[in-house]
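First up is the structure itself, then whatever we jot down about it.
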Amino acid sequence: MKTPDVITTVANLRAVVAGWRRDAATVGLVPTMGALHEGHLSLIAEAANRSERVVVSIFVNPRQFAPTEDLQRYPRNPEQDRARIAAQGLTDVIFVPERDEIYPDGFATEITVGGPAVGLESDFRPHFFAGVATVVARLLIAVAPDVAVFGEKDFQQLLVVRHMVRDLGLPVEIVAAPIMREADGLAMSSRNAYLSARERQVAGKLNCVLNDVAQRVREGSSVVGAERIGRDALLSAGFDSIDYVAIRDAHTLQPLERASSDMRILAAATISGTRLIDNMPV
Ligand code: AMP
């Protein structure tokens, strides 16, 4: 059972990691934006399985929010986060930097990833992956872990991070962790806290619709036809707007002309201003 230390500066974090390295310990990193739930804890467990020391970062990254998005009201729960991490007992360091520590005055560098970052989320949140890639690179360089764990919940983000790490030759293994879901199948998310009881019921239909659409494709429906049925089903279920229901190549996220052996269905839909995403293999 570990008791985590809370560190707020990159310099202190580096000093601690350097000490671990002198003892030849391996290091795992789990980047998060806090408001931790079971999904985050499962990533920490995965990091602890694969490395002797574990760093969890908690930083609500302003660069991945557009001015119109929910940066200000994004759920923040530092005390509860610390209690959850401590109760799990697998984390050595919680890294909680202030904004200036990550983006010092005059910060003017941005990492733009192509490939899997093009399309889907980028069509609706054009700022998003540059924000994610920049902060993840910043964290990977600060911690220099052996492994970093990311959730399949944000499947496109996982592929984008992998691609960036590959392109830049960063010496870290990116590990994918499966999606943790509520009893009705809703993917756990910090943003689920925004949902009223009625909206929460509707939200639970998202994964059911994706399951159904995936099943149709497995049974021979056309990709385009199945995507259309998925959109209609989400609207009937009570979602207000659908950004996409897309069946894509699971590795490149490129559109498919016809069904193939390795596909992923991904969706983003909004209910009363709360935007939810989900995905699963077909
Ligand atoms: P966030 O705090 O939402 O930025 O997420 C931090 C990490 O946790 C990301 O790698 C997410 O993909 C992952 N994550 C979020 N929700 C879940 C979930 N329900 N299951 C598994 N991983 C998740």
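General remarks:
- Relative contact order for the chain, counting Cα pairs under 8 Å that sit 6 or more residues apart, in percent: 17
- Environment charge of Ala177, counting only residues whose C-beta is closer than 10 Å and scoring Lys/Arg +1, Asp/Glu -1: -1
- For a paramagnetic label modelled on Asp167 (point 7 Å from Cα along Cα→Cβ), amide N atoms under 19 Å away belong, within region 92-123, to 108-123.
- Angle in degrees between helix 128-143 and the longest Cα principal axis of the chain, rounded to the nearest 10: 30
- Among Asn192, Asn207, Asn12, residue whose mean-square fluctuation peaks in a GNM of the chain (springs only between Cα atoms under 10 Å): Asn12
- Derived scalar couplings ³J(HN,Hα) [region 197-214; Karplus, 6.51 cos²θ - 1.76 cosθ + 1.60; whole Hz; x for Gly, Pro]: 4, 5, 5, 4, 5, 5, 4, x, 7, 4, 5, 5, 5, 5, 4, 5, 5, 4
- Treating each Cα of region 147-248 as one equal point scatterer and applying the Debye formula with no solvent, the log10 of I(q)/I(0) at q = 0.10, 0.15, 0.19 Å⁻¹ comes out as -0.37, -0.77, -1.03.
- For the chain, carbon and sulfur atoms together expose 50% of the accessible surface, with a 1.4 angstrom probe and every protein chain in place.
- By a 1.4 Å probe calculation restricted to protein chains, Glu173 has an accessible surface near 90 Å², given to the nearest 10.
- Computed packing ranks the peptides 48-56, 80-88 as 48-56, 80-88, most packed first, by mean other Cβ atoms within 10 Å.
- Measuring nothing but alpha carbons in the chain and taking Rh as the Kirkwood radius, the Rg to Rh ratio lands at 0.97.
- Peptide ranges 30-41, 120-131 listed from the most packed, as the mean C-beta count within 10 angstrom indicates: 30-41, 120-131
- Heavy-atom accessible area order for Lys153, Lys2, largest first, 1.4 Å probe: Lys2, Lys153
- Approximate shape of region 203-282 as ellipsoid semi-axes (Cα gyration tensor, √5λ), whole Å, largest first: 21, 13, 10
- From phi via Karplus (6.51, -1.76, 1.60), per-residue ³J(HN,Hα) for region 110-117 in Hz, x at Gly/Pro: 9, 9, 10, 9, x, x, x, 7
- Solvent-accessible heavy-atom area per residue, rounded to whole Å², over the chain at 1.4 Å: 46
- Translational diffusion of region 17-153, µm² s⁻¹ [Kirkwood Rh, Cα pairs; Stokes-Einstein; 25 °C; 0.890 mPa s]: 154
- For region 159-201, the Cα gyration tensor yields ellipsoid semi-axes of 34, 11, 7 Å (square root of five times each eigenvalue, largest first, whole Å).
- Backbone HN-Hα couplings from phi across region 241-253 [Karplus 6.51/-1.76/1.60, Hz, Gly and Pro as x]: 8, 10, 6, 7, 10, 9, 9, 10, 4, 5, 9, 9, 6
- Percent of C-alpha pairs per 5 Å bin in region 42-84, short distances first: 5, 17, 19, 18, 17, 13, 7, 2, 0.
- The Ile229 and His127 beta-carbon pair, evaluated with R₀ = 25 Å, returns a calculated FRET efficiency of approximately 0.20.
- Two-site label geometry, Gln80 and Asp100: point separation in nm, points 7 Å out along Cα→Cβ: 3.0
- Bridges between two residues of the chain, per DSSP, are antiparallel at a rate of about 50%.
- Percent RCO, i.e. relative contact order, over region 190-282, from Cα pairs under 8 Å lying at least 6 residues apart: 29
- Between region 19-91 and region 195-262, the alpha-carbon centres lie 30 Å apart.
- Summing Lys and Arg as +1 and Asp and Glu as -1 over all other residues whose Cβ lies under 14 Å from the Cβ of Arg125 gives a net charge of -3.
The values are calculated or read from the model by the stated rules, or taken from the named source; none is laboratory data. Since we're looking at a predicted model, the values are computed, not measured. Reconstructed Cβ throughout: ideal geometry from the backbone, glycine too, with neighbour counts over all protein chains shown. In case anyone asks, the SASA skips ligands and DNA or RNA and just uses the protein heavy atoms, side chains included. Shrake-Rupley method; radii C 1.70, N 1.55, O 1.52, S 1.80 Å.
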